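*Asks:* Here it is: the structure, laid out below.
Readers should treat all values here as calculations from the given coordinates under stated rules, not as data from a laboratory. None of the values given here were measured: they were computed from a predicted structure. Don't worry about glycine lacking a Cβ; one is built from the backbone with ideal geometry, like all the others, and counts go over all protein chains shown.
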Amino acid sequence: ARIVMAKRIAAAPAQLSEGMKGLLDVLRKKAEQLLADFATSEGAVHVSSIDRFQGSENDVVLVSLTRSNARGQVGFLKEQARLVVAQSRARLGMYFIGDRATYDTVKHWRAFSAAMHARECAGAKIPLACPRHPAQITHLAVKDAQRLLTTALCQHVCGRRMACGRHTCLQLCHGEELDHHSLCREMVDDTCKAGHLIRRRCCDAAGEIACRRCAELEAARKRAAEKLRAEREAREREEVERRKKEADVLAEAERARAQRAWEESEMLHRDVIKQKLAALAQSSSSVTKTQLGRSGEWAAEFLKVVDRTEKYVQVAHGTPIVVSRIEKVSNPALEKLFLEAKMRLRSGVADDRCGMMQLFHGTGVEGVKGIPLNGFRLPGKSEDNMFGQG
């Protein structure tokens, strides 16, 4: 195939672009060098037309008469000079291979064919022999020529030493030009890096061969690792679930404890309210007034009211306020109403927000007289006071 390509490149036309011409020029020179090297190599086969072979010779010449037709047309071989050139190039022997019926239509070819038959040098078969085993001669007919493409000509075993130096070639004899000996494919025993017994081709390195035992161990290792991972993840999930359950149990216990504490506090506060209501029922229902002072048992409450009034209330009113007298008014009837209202609550009796509130309320003389007796009036729907819109 390389020779055919080299010839095609060497005969390429010159009517091409400058770039293509430069490329072909390089390829042509390489092709000519390849043809020259091949022609001078030992055992080379020189392929040429009859005209180009004029002036050359060889030990053995095979002439292929390519034309074969019913009209007897032989082309340029009808000139006798070509026959003279063809039959005078061999030093030891030659063969003409072609269609006798086609070439017998030409006088000089007919005479040449008749002379070969008269000397018993013509026939329908050609004797072929292997150079290494010349004793076995095969007479190959034209109709059997296709067989050479699938069946070796020589049936002897090659027997040549392979490149490894340990084995011989066991193929059928394949001639000198084919390189079948650089890669030895004989199966041999060896060991992998892990020391397991393996089978490999002699031309292959032990490290390039997949060890079945290593593969099995690696697969087993991966399965074991996957099993350990799955077990670890399962344990982790179980631990997470266990901790969640424990947290839920603790949270539920805390909620139950808080509920019990809340219920106990509610009961305790209701008992305290009942005691206060009982004490109010035994006490006088009249309104009492107590004068608070900066000293004595009411000093703390006095100072607290002063602090809230003078420091905070004046900011909202924009005018400094000075406390000169504090009078504490107690109305048992209003306190009783307040406690009874708390007892009617379904829950929240113990809530600190459900207790006494200390509010600052500016009012006139009537308010000072009425509020201690009747309490604060809740606002109507269209009103708005310190209790919000009613």
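*Asks:* Suppose each label sits 7 Å from its Cα in the direction of the beta carbon; what would the VAL329-THR288 distance come out to in nanometres?
*Replies:* 1.7 nm
*Asks:* In terms of modelled amide H atoms, which long-range or inter-chain residues lie less than 5 Å from the amide H of ILE326?
*Replies:* Residues meeting the criterion, in which the H sits 1.01 Å from N, are LEU292.
*Asks:* If you don't mind, there's one more thing I want to ask. Using per-residue counts of other Cβ atoms within 10 Å, averaged over each peptide, order 119-125, 73-79 from highest down.
*Replies:* 73-79, 119-125
*Asks:* Another one. If you place +1 on the Cβ of every Lys and Arg, -1 on the Cβ of every Asp and Glu, and leave all else neutral, what size is the dipole of the range 202-295 about its Cα centre, to the nearest 20 Debye?
*Replies:* The calculation lands at about 600 debye.
*Asks:* Say the dipole of the range 53-207 comes from +1 at the beta carbon of Lys and Arg and -1 at that of Asp and Glu; which of ALA194, THR102, ALA135 then lies farthest toward its positive end?
*Replies:* Ranked along the dipole, the leading option is THR102.
*Asks:* Distance in nm between label sites at ALA234 and ALA256, each 7 Å beyond Cα in the beta-carbon direction?
*Replies:* 3.3 nm
*Asks:* Give the peptides 106-112, 270-276 in descending order of average Cβ contacts within 10 Å, highest first.
*Replies:* Most protected by this proxy first, the peptides run 106-112, 270-276.
*Asks:* How much FRET efficiency would the formula 1/(1 + (r/R0)^6) give for ILE126 and LEU27, where r is the Cβ-Cβ distance and R0 is 45 Å, rounded to 0.05?
*Replies:* 0.75
*Asks:* So how strong a dipole does the range 104-196 carry about its Cα centre when Lys and Arg Cβ are +1 and Asp and Glu Cβ are -1, to the nearest 20 debye?
*Replies:* That gives the range 104-196 a dipole magnitude of about 260 debye.
*Asks:* ALA194 to LEU277: extension gain in nm, 0.36 nm per residue of separation minus the Cα-Cα distance?
*Replies:* 20.3 nm
*Asks:* What is the gain in length, in nm to one decimal, between THR309 and ASN374 on full extension, counting 0.36 nm per residue of separation less the C-alpha to C-alpha distance?
*Replies:* Gain on stretching THR309 to ASN374: 21.0 nm.
*Asks:* While we're looking at this one, here's another question. If you keep only loop residues by DSSP, which GluC sites (Glu not before Pro) in the range 263-300 have at most 14 other Cβ atoms within 10 Å of their Cβ?
*Replies:* GLU297
*Asks:* Which value, in debye to the nearest 20, describes the size of the charge dipole of the range 130-268 about its Cα centre when Lys and Arg Cβ atoms bear +1, Asp and Glu Cβ atoms bear -1, and nothing else is charged?
*Replies:* 920 debye
*Asks:* For a quick check: with amide H placed at 1.01 Å from N, whose amide H comes under 5 Å from THR168's, ignoring anything fewer than 5 positions away on the same chain?
*Replies:* MET162
*Asks:* Under 5 Å between amide hydrogens, which residues at least 5 positions from LEU140 or on another chain qualify, with H placed 1.01 Å from N in the peptide plane?
*Replies:* Long-range HN contacts for LEU140: ILE126, LEU128.
*Asks:* Something else now. Which FRET efficiency value, to the nearest 0.05, is calculated for ARG243 and ARG212 with the Förster distance at 35 angstrom and r the Cβ-Cβ distance?
*Replies:* E between ARG243 and ARG212, to the nearest 0.05, is 0.15.
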